[in-house]
Amino acid sequence: MIIENTYMKKFLHNNGRALGSMGYFILLMLVFLIGAPEVWLRPNLHQSVFVMMPTLLFMVIPLVFLVASGEIDLSFASTYALASYVFVLLIKAGLDPFLCFIVGVLTGGLVGAVVGAIIVFGRLSSLVASLGVLFLIRGFLFVSTNSRSITIMEVDTHWMYPLLVGKLYGFPVQVIWAAIFLIFCYYLFNKHVFGIHIQHVGDNYVSASQMGINVNAVKIKAFMFVGIGAAIAGIFTTLITYTFFPTQGFGYLLLALAAVFIGGTPYWGGLGTIIGALFGVGVIAYMEIGVIAVGMSGTWRQFFNGLIILLALLGHRLHGDRVR
Amino acid sequence: MNKIIELKNVTKRFGGITALNSASLHVNKGEVVGLIGDNGAGKSTLIKTLVGVYSPDDGDIYIRGEKVVNWSSLKARISGIETVFQDRALCPQQSIVWNIFMGKELTYPFGFIREKEQIREANRLIREIGFTSKLIDAESPVGNLSGGERQGVAIARAIYNKAELIILDEPTTALSLNETQKVFDFVNNVKKTERSVLFIGHNIFHVFDISDRFVILDRGEVVHQLNKDEVSSPEKLIKIMKDTVSKH
């Protein structure tokens with residue numbers, strides 16, 4: 001009996017936060033299902049969610065790593081656009097789109113490394129410093145593009161296009177990429193030295209450093225990962241819409257952060273959940289369209305987003321405070 | 001004698017304060033050295049410099065007779081030096097197994113963790129160290145453990161790596177009598193296997209019982225060293241300590 005008891009306890013301890021966010025997701029689906037069953041059963045509604053979810057997942061999951069390391073980044077919303085900008089510029093210069101894709105993603109990693117290094121070596125608050133970078137990059141984009149958007153219809157015929165963002169039997173291929181990314185990150189976070197060191201550093205960086213973990217390197221790598229994720233998200237969106245526009249990604253800033261916390265990753269570091277983040281993204285993505293689907297005006301959307309963030313945080317309190 | 005580690009004339013400053021002033025210390029193979037001194041004498045700074053947490057401003061460190069450069073915590077651990085820090089250096093939100101293998105995980109190629117092996121080893125270690133509760137196993141979070149049990153996890157980490165030198169920084173602080181006895185048993189076991197211990201404490205009675213040699217530190221300087229056969233009781237040691245410190 002005791003063994004069963006501890007097994008359950010352990011299971012809840014390890015997965016409680018992920019189960020919690022799964023609970024919110026199911027609850028939200030039920031509310032919408034009861035509110036507008038006929039709309040909710042229509043497949044094209046879910047398809048539009050499937051377009052938004054991969055983009056959010058590429059941003060949110062790396063953020064889970066970063067938040068678990070005890071830091072935060074806001075600049076990812078601008079890195080998203082900068083990587084797309086580099087991508088479209090190279091396309092316009094006539095380079096092979098696949099090469100452009102690689103360079104775009106590397107740009108994201110580079111921006112992340114620079115942001116991380118400034119924060120770690122300058123001993124700056126990651127919240128404030130990354131806010132600065134957020135505006136800095138966005139400002140640069142407005143100036144250099146003269147606030148104009150750029151279209152890249154030419155990528156349509158390249159082999160990479162259907163492989164990355166095409167349709168497979170009517171199903172968006174980017175969902176498969178996001179699923180692969182999700183599974184990879186699950187193992188990276190829970191079963192790989194990279195993820196485990198991130199959690200050690202976020203839990204107690206003094207202990208981690210005393211045990212020989214290079215705390216600064218771990219944090220900079222986490223920032224790089226966020227940059228890479230944002231770059232992938234940005235380029236995917238640019239490919240889907242064939243357009244780069246300088247305000248791109250700004251709308252995702254708060255939604256992506258909300259998804260991290262609704263997903264059950266606490267702000268204090270040392271803990272995080274990839275599966276929880278998936279449900280966090282689900283909640284945010286469905287909320288965006290669900291409010292309208294149930295027949296309410298779109299102006300209610302932010303109100304409900306706010307409400308669910310507060311409810312989710314209160315719910316996650318059940319898993320207790322930070323243990324010291 | 002076979003010196004495992006030696007510090008020669010090491011100086012460490014924090015701003016205008018000199019925490020260590022040309023301190024020298026060595027530990028021989030198979031001996032237990034007791035490092036004693038009052039609060040603020042520089043014991044913890046000396047240990048942290050020894051194991052690479054702080055880098056010295058001046059002086060040299062030798063491992064088995066060879067001078068080391070760019071000394072770091074990781075290098076110390078790779079060289080066979082494990083430390084049980086005063087604050088125990090644990091991550092309380094994480095499991096016992098993750099704490100035991102922190103920084104020295106068992107991995108497959110490409111850095112993936114050998115999870116089952118780690119859990120099996122951690123379970124064996126915590127039984128060895130004397131965890132008897134059925135409610136605690138390798139996957140329990142450290143945050144749920146008592147002070148003595150947390151100390152046990154820190155010690156388990158040190159013994160797993162088969163270190164040649166184990167440094168215990170104030171290991172008996174805040175422990176019950178029973179738990180303190182366990183720490184002593186542990187030190188005696190290590191000694192039997194020809195490994196060395198550097199034991200730091202300000203409870204002279206504890207240090208006296210288990211050490212072969214004593215090193216007295218005062219205001220960042222090593223002021224006296226003596227073997228156990230030169231002093232007959234802890235009271236005598238306390239007197240010697242007081243005399244050397246007041247002369248210093």
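The numbers here are math on the coordinates, done by the rules we state, and not lab data. Owing to the predicted nature of the structure, the values given are computational and were not obtained by experimental measurement. Please note: Cβ atoms are built from the backbone with ideal geometry, for glycine as well, and neighbour counts cover all protein chains shown.
Shielding value for B:132-140 is 2, the average number of Cβ atoms from other chains within 10 Å of each residue's Cβ.
Protection proxy ranking of B:156-163, A:160-167, by the mean of other Cβ atoms within 10 Å over each peptide's residues and highest first, is B:156-163, A:160-167.
Rounded, prolate or oblate: which one fits the stretch A:238-324, using the alpha carbon gyration tensor with axes a ≥ b ≥ c (rounded when a/c is under 1.5, else prolate when a/b beats b/c, else oblate)?
Values: a/c = 2.56, a/b = 1.48, b/c = 1.73.
Since a/c reaches 1.5 but b/c is at least a/b, the shape of the stretch A:238-324 is classed as oblate.
Here the contact order of chain B, divided by its residue count and restricted to Cα pairs under 8 Å and six or more residues apart, works out to 28 percent.
Return the loop-located trypsin sites (Lys or Arg not before Pro) in the stretch B:61-109 (DSSP other than H, G, I, E, B) with at most 16 other Cβ atoms within 10 Å of their own Cβ; answer none if there are none. Show your work: numbers first, answer last.
Working: sites: B:Arg64, B:Lys67, B:Lys75, B:Arg77, B:Arg88, B:Lys104; in loops: B:Arg64, B:Arg88, B:Lys104.
Taking the stretch B:61-109 and a limit of 16 other Cβ atoms within 10 Å, the loop trypsin sites (Lys or Arg not before Pro) found are B:Arg64.
Can you bin the stretch A:20-318 into rounded, prolate or oblate? Criterion: square roots of the alpha carbon gyration tensor eigenvalues sorted a ≥ b ≥ c, rounded for a/c under 1.5, prolate for a/b above b/c, oblate for the rest.
Numbers: a/c = 1.63, a/b = 1.05, b/c = 1.54.
Judged from the Cα gyration tensor, the stretch A:20-318 comes out oblate (a/c at least 1.5, b/c at or above a/b).
For the peptides A:217-225, A:190-198, A:69-77, the ranking by packing is A:69-77, A:217-225, A:190-198, with the highest mean count of neighbouring Cβ atoms within 10 Å listed first. With a 10 Å cut-off around each Cβ of B:89-102, the average count of Cβ atoms from other chains is 6. Here the stretch A:84-144 and the stretch B:1-28 have alpha carbon centers that stand 46 Å from each other.
Below 15 Å Cα-Cα, how many Lys pairs turn up in the stretch B:89-248? Only count pairs eight or more apart in sequence, or on different chains, if you could.
Numbers: B:Lys104/B:Lys162; B:Lys162/B:Lys191; B:Lys162/B:Lys192; B:Lys182/B:Lys191; B:Lys228/B:Lys236; B:Lys228/B:Lys239; B:Lys239/B:Lys247.
Eligible lysine pairs with Cα atoms under 15 Å apart amount to 7.
Taking B:Gly15, B:Gly143, B:Gly52 as the candidate residues, the one with maximal mean-square fluctuation in a Gaussian network model of chain B, Cα springs under 10 Å, is B:Gly15.
What's the average, rounded to a whole number, of partner chain beta-carbon atoms within 10 Å of each residue's beta-carbon in A:108-121? Before the final figure, lay out the partial values.
Details: counts 0, 0, 0, 0, 0, 0, 0, 0, 0, 0, 0, 0, 0, 0.
Per residue, the number of nearby Cβ atoms from other chains is 0 on average.
When the Cα positions of A:Ile34, A:Val114, A:Cys100 are compared along the charge dipole of the stretch A:20-318, A:Val114 comes out farthest toward the positive end, with charges on each C-beta of Lys, Arg, Asp and Glu. Close Lys pairs in chain A (alpha-carbon distance under 29 Å; sequence gap of 8 or more, or different chains): 6.
Between the stretch B:117-177 and the stretch B:183-198, what is the separation of their alpha carbon centroids in Å? If you average the Cα positions of each part, the centres end up 15 Å apart. Straight-line cross-link reach from B:Lys8 at under 15 Å between alpha-carbon atoms covers these aspartates and glutamates, not counting any fewer than eight positions away in the same chain: B:Asp57, B:Asp58, B:Asp60, B:Glu66, B:Glu221.
For the pair the stretch B:42-81 and the stretch A:168-246, the centres of their Cα atoms are 35 angstrom apart. With the cut-off at 1.5 for a/c, could you classify the protein assembly as shown from its C-alpha gyration tensor as rounded, prolate or oblate? It is prolate, given that a/c is not under 1.5 and a/b is the larger ratio. Averaging 1/r over every pair of different alpha carbons in chain B and inverting the result gives a Kirkwood radius of 18.8 Å. Each residue of the stretch B:152-158 is assigned a 3J(HN,Hα), and the resulting list reads x, 5, 5, 5, 4, 4, 5 Hz, derived from the Karplus form 6.51 cos²θ - 1.76 cosθ + 1.60 (θ = phi - 60°), x at Gly and Pro. Using a Gaussian network model of chain B with C-alpha springs under 10 Å, which one of B:Leu198, B:Leu106, B:Leu237 is most mobile by mean-square fluctuation? In this elastic network of chain B, the residue with the biggest mean-square fluctuation among B:Leu198, B:Leu106, B:Leu237 is B:Leu106.
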